[in-house]
Amino acid sequence: MIQLEGSRVLVTGGAGFVGSNLVKRLLAEGARVTVLDDLFTGRLENLPAAGFDFVEGSVCDAALVTKVVAANDVIFHAAARNIVVSTRNPREDFETNIGGTLNVLMAAREAKVQRVLYTSSTSVYGNPRYMPINEDDQLSLLTPYAVSKLGGENYCMAFYESYGLPTTAVRYSNVYGPGQDPANPYCGVIGKFIESLFEGRPPVIHGDGNQTRDFTYVDDAVAATVMAATSDRALGEVFNVGTGVETRVNELAAILIKVTGVDVQPAHSDRRDIDNIRRRVVNIEKARRALRWVPEVTLEKGLQRTVEWQREKPSRRAAGPQAKV
Ligand SMILES: NC(=O)c1ccc[n+]([C@@H]2O[C@H](COP(=O)([O-])OP(=O)(O)OC[C@H]3O[C@@H](n4cnc5c(N)ncnc54)[C@H](O)[C@@H]3O)[C@@H](O)[C@H]2O)c1
């Protein structure tokens, strides 16, 4: 069991949505935190004003990564190009998501760190045959993003098997919550829906809205991540991080209309090429048994908290691509 209190902990991508929530939790645990982020989608204002070190730079910079990793005991590797960027520019995605991960792992091996925790994605399951999806079910890679996230994950497992580097991966399923900035053009569907409702506009659903996802509240995702990074039982393992609850995008829109109290009906537009996943809900038994982790925040409660956070936040209009589901 790794003790975070007093440990030197690096969070790559720590200025992003999940990363910044993770940083806050790690600081609360008493860890000495360093963030490495190139501020591609991350923002300094996501982070506390003080109490940690910030290094602005890319995980693609091997010399920088070697130096920063060497000064730490535990690495949370959350830096990544997202699915929209990846679909537009697979080379950029490859360089960060695979090349950057390899840099982190090589540096971690050299520095003999205690653990590398890798944030993977349930996008590696594509359109699965069976639901809920287990970690060892067949994978189906439908996007360059899924390929690169799995590539990083495979490198983590290969470094564990080949060199004994202590690695663990978590596969997140549609994480949402405070800190997911709707002004970020790659923000997920929930932030975009809330923003539309605040402006009295109908939330726009791509396709018929019967596509499903397993929406995970960020505090639950962060708790699972910390447990996976510190547990001895998680060495060399991969864990689904979701809720086990399947929700239609139509239902999501209906809950948000209720929570915000805005009297509109959702609108529908054509589905996009990145919307090629019809259904997704994951089995979280493995994390429950090995890590004693269970998600605690229901969708309705999580959406209420997200709406409150977004209401209090100064509005910054989003530009660019529409909601990602
Ligand atoms: N949010 C989700 O629903 C979800 C689902 C599955 C997997 N993930 C994974 O979780 C991690 C965090 O995702 P997020 O939702 O917080 O996204 P995000 O875009 O908010 O965070 C990613 C962070 O990485 C930084 N970054 C990007 N490229 C970098 C580079 N080359 N060098 C250094 N920093 C770089 C960005 O500036 C940003 O701060 C990612 O690895 C992502 O693939 C997220």
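The values are calculated or read from the model by the stated rules, or taken from the named source; none is laboratory data. Computed from a predicted structure; not experimentally measured. Cβ coordinates were reconstructed from backbone atoms using ideal geometry, including for glycine residues, and neighbour counts include every protein chain displayed.
Taking the residues in segment 114-167 that are closer than 22 Å to A223 by Cβ and more than 14 Å from the ligand (Cβ to nearest atom) as candidates, determine which candidate is surrounded by the fewest Cβ atoms within 10 Å (Cβ to Cβ). The qualifying residue surrounded by the fewest Cβ atoms within 10 Å (Cβ to Cβ) is N134. Please indicate, with yes or no, whether at least one residue in segment 47-63 is more than 10 Å from A79 (Cβ to Cβ) and buried (at least 23 other Cβ atoms within 10 Å of the Cβ). Among the residues of segment 47-63, at least one is more than 10 Å from A79 (Cβ to Cβ) and buried (at least 23 other Cβ atoms within 10 Å of the Cβ), which makes the answer yes. You will find that of G14, G30, the residue that is under 19 Å from V104 (Cα atoms), assigned to a loop (DSSP other than H, G, I, E, B), assigned by TED's automatic domain parsing to the domain that holds E92 and not hydrophobic (A, V, I, L, M, F, W, C) is G14 and no other.
crowded, with 22+ Cβ neighbours inside 10 Å, of a type in the set (A, V, I, L, M, F, W, C), within 16 Å of the ligand (Cβ to nearest atom) and part of a strand (DSSP E or B): does that describe F193? It would help to see each step written out before you state the result.
On the way: crowded, with 22+ Cβ neighbours inside 10 Å: yes; of a type in the set (A, V, I, L, M, F, W, C): yes; within 16 Å of the ligand (Cβ to nearest atom): yes; part of a strand (DSSP E or B): no.
Spelling it out, it is not the case that F193 is crowded, with 22+ Cβ neighbours inside 10 Å, of a type in the set (A, V, I, L, M, F, W, C), within 16 Å of the ligand (Cβ to nearest atom) and part of a strand (DSSP E or B).
Within segment 255-298, the set of residues being of a type in the set (A, V, I, L, M, F, W, C), over 21 Å from P128 (Cβ atoms) and in contact with a strand residue (DSSP E or B) (Cβ under 9 Å, 6 or more places away or on another chain) comprises I255, A267, A290, L291, W293, V297. Taken as a whole, the condition of being out of contact with any strand residue (DSSP E or B) (no Cβ under 8 Å at 6 or more places or on another chain) and over 21 Å from Q180 (Cα atoms) applies to D61.
Restricting P295, P266 to residues that are touching a Ser or Thr at 6+ places or on another chain (Cβ under 6 Å), surrounded by 15 or more Cβ atoms within 10 Å (Cβ to Cβ) and not polar (S, T, N, Q) narrows the list to P295. The number of residues in segment 193-247 being free of Cβ contacts under 8 Å to residues at least 60 places away in the same chain, at positive phi and within 19 Å of the chain's Cα centre (by Cα) comes to 0.
Taken over segment 36-69, the criterion of being assigned to a loop (DSSP other than H, G, I, E, B), more than 9 Å from the ligand (Cβ to nearest atom) and in contact (Cβ under 8 Å) with a residue 12 or more places away in the chain is satisfied by L47, P48, G51, F52. Here L105 meets each of (1) in a helix (DSSP H, G or I); (2) within 13 Å of the ligand (Cβ to nearest atom); (3) crowded, with 23+ Cβ neighbours inside 10 Å with one exception, condition (2).
Among the residues making up segment 1-25, a single one is on the phi > 0 side of the Ramachandran plot and within 14 Å of the ligand (Cβ to nearest atom): G13.
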